[in-house]
Amino acid sequence: MTSPAPARRPKVATITVGTNESRWLPACLSTLLASTPDLDLTVWYVDNASTDGSTALVRDTFPAVRIVQNDSNLGFARANNVGMRAALADGADYVFLVNPDTRTPNDLIHQLTAFMERWPEYGVCGPMQYTYTDGDPVALDEHNEWSRTALRLGEADGFVGDRPHRPSPAGPAAGRAPETLEHAYVQGAAFFVRAEVLRTVGLFDRVFHTYYEETDLCRRARWAGWRVALNLGLGIQHVGGGGTGASTYRRVQMRRNRYYFLFTDITWTWPAILSLVGRWLREDLLGRSVGGTTTPARGWAETAAAAWWLLRLAPTVARRRRAHRRLRAVRPVARTAGSAP
């Protein structure tokens, strides 16, 4: 009698992008590699032109990790795209983007994979984030600031602070998986996505460089017919803030990307877009931008630079809007959960 063939194990790739993050990499990569052994897991490290010896550290300490070395700092979006392309070419079924300043419980990737296998209508999911501590096992004691904010905002539109009555992007209650919160987005620090989603809607929009790229990918996944959710019962430790913190870089990137995100959102009418832009401009010119505060003089200068940047991107905005409309026009047939309760 012939024995049945063993069940196929989904292939999962984790991608960690680092720029001078040698301080965090040992804990990050060691906890990823210690994940539940029944996984078909590949751990990738994408180095963004570090000068602190990060690549050598990973090569010498973690020979099982696959390394991609960028010649220059490509930013968060493009560097993760490099890793995602490599993972897709390697046959990954799921991709898990994980920031360097994280520590991963050893069963987290298994749990995320099992969730996606059971609930095929979910295209993107992610764990809740907890404060970063040392010690083994990885403790999940207290939500970090990002998780507290996500729980407070719930399933509201991403611009709820500006338009509190905008419809939620969350899917209908019917067919929803238990212990999920269909927040506006899953943060890129711990972002678990189906390869099928990436092949359908594309990777991160490289225009964003850093900030809003994961929010954009989440909305594209929704427009293409998938659900997006945080898994309330799962967690990861994350310091948060990355290497940018409160800086001119963060302020400038977040300001201009917010406008680009809005202009490429096909669910907003142009009168509503222009109304919101007027509100943002008043704050930005005063130096009270989304990414931090500065003087009115710098507010004017940075806003003018952002406006010129956006003006030059007008053809790209038009192309993105056409692509986004096509996504909604060819939404896949509703997916059915394999074993929903």
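Taking only C-alpha pairs under 8 Å that are 6+ residues apart, what is the relative contact order of the chain in percent?
Answer for the chain is 18 percent.
Kirkwood Rh and Cα-based Rg: tell me the resulting Rg over Rh for region 199-309, rounded to two decimals.
Values: Rg = 15.9 Å, Rh = 15.7 Å.
That ratio is 1.01, to two decimals.
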For the chain: accessible area per residue (Å², 1.4 Å)
46
If I require 20 Å or longer along the helix axis, counting alpha carbons, and a Kyte-Doolittle average no lower than -0.5, what helices from the chain are left? Use full DSSP H segments.
75-89, 270-285, 296-312
Amide H neighbours of residue 235 under 5 Å, counting only residues 5+ apart in sequence or on other chains, H built in-plane at 1.01 Å?
128
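Compute the Rg/Rh shape ratio of region 268-325: radius of gyration over Kirkwood radius, all on alpha-carbon atoms. Present the calculation step by step, with values, prior to reporting the outcome.
On the way: Rg = 13.2 Å, Rh = 12.6 Å.
When Rh is taken as the Kirkwood radius, the ratio is 1.05.
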In whole Å, how far is the Cα centre of region 69-86 from that of region 268-330?
25
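I need the semi-axes of the equivalent ellipsoid of region 65-118: take the C-alpha gyration tensor, multiply each eigenvalue by 5, square-root it, list largest first in whole angstrom. Working shown, then result.
Values: eigenvalues 108, 43, 18 Å².
After diagonalising the Cα gyration tensor, the semi-axes are 23, 15, 10 Å.
May I ask you to give the percent of accessible area on region 84-139 that is carbon plus sulfur, with a probe radius of 1.4 Å? Please report the intermediate quantities before stating the final value.
Values: 820 of 1830 Å².
Carbon-and-sulfur percentage of accessible area, whole number: 45.
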Can you pull the Kirkwood radius for region 32-152, inverse mean 1/r over Cα pairs, to one decimal in Å?
16.2
Please report, in whole Å, how far the alpha carbons of region 195-242 spread along each principal axis, starting with the longest.
30, 27, 16
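What order, most packed first, do the peptides 82-91, 191-200, 320-329 have when packing is the mean number of other Cβ atoms within 10 Å of each residue?
Working: 82-91: 16.7, 191-200: 20.6, 320-329: 14.3.
Result, highest mean Cβ count within 10 Å first: 191-200, 82-91, 320-329.
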Per DSSP H run of at least 4 residues, take -39500 (n - 2.57); add these up for the chain, divide by its residues and hand me the 222 nm value, nearest 500 deg cm²/dmol.
-12500 deg cm²/dmol
So, relative contact order of region 3-110 in percent, Cα under 8 Å, 6 or more apart, is 42
Ranked by how many other beta carbons lie within 10 Å on average, peptides 24-35, 56-67 from highest:
24-35, 56-67
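Name the shape class, rounded, prolate or oblate, that the alpha-carbon gyration tensor gives for region 179-263, where a ≥ b ≥ c are the square roots of its eigenvalues, rounded holds for a/c under 1.5, and otherwise prolate holds if a/b is larger than b/c and oblate otherwise.
On the way: a/c = 2.06, a/b = 1.23, b/c = 1.67.
Oblate, since a/c reaches 1.5 and b/c is not below a/b.
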Residues whose modelled amide H sits under 5 Å from the amide H of residue 46, counting only those 5 or more places away in sequence or on another chain, are 16, 17, 18, 68
Using only the Cα atoms of region 81-213, build the gyration tensor, take square roots of its eigenvalues as a ≥ b ≥ c, and label the shape rounded, prolate or oblate: rounded if a/c is under 1.5, else prolate if a/b is larger than b/c, else oblate.
rounded
Say we join alpha carbon atoms closer than 10 Å with springs in a Gaussian network model of the chain; which of 109, 236, 266 then has the biggest fluctuation?
266
For a quick check: with amide H placed at 1.01 Å from N, whose amide H comes under 5 Å from residue 171's, ignoring anything fewer than 5 positions away on the same chain?
228
Alpha-carbon Rg with Dmax, taken over the chain, Å
20.2, 81
When the charge dipole of region 262-330 is computed with +1 at the Cβ of Lys and Arg and -1 at the Cβ of Asp and Glu, the Cα pointing farthest to the positive end, of 274, 291, 324, is that of 324
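The values are calculated or read from the model by the stated rules, or taken from the named source; none is laboratory data. Keep in mind the model is a prediction, meaning the values are calculated, not measured. Neighbour counts run over all protein chains shown; Cβ positions are idealised from the backbone, glycine included. Areas reflect the complete protein model, heavy atoms only, side chains present, ligands, DNA and RNA absent. Shrake-Rupley method; radii C 1.70, N 1.55, O 1.52, S 1.80 Å.
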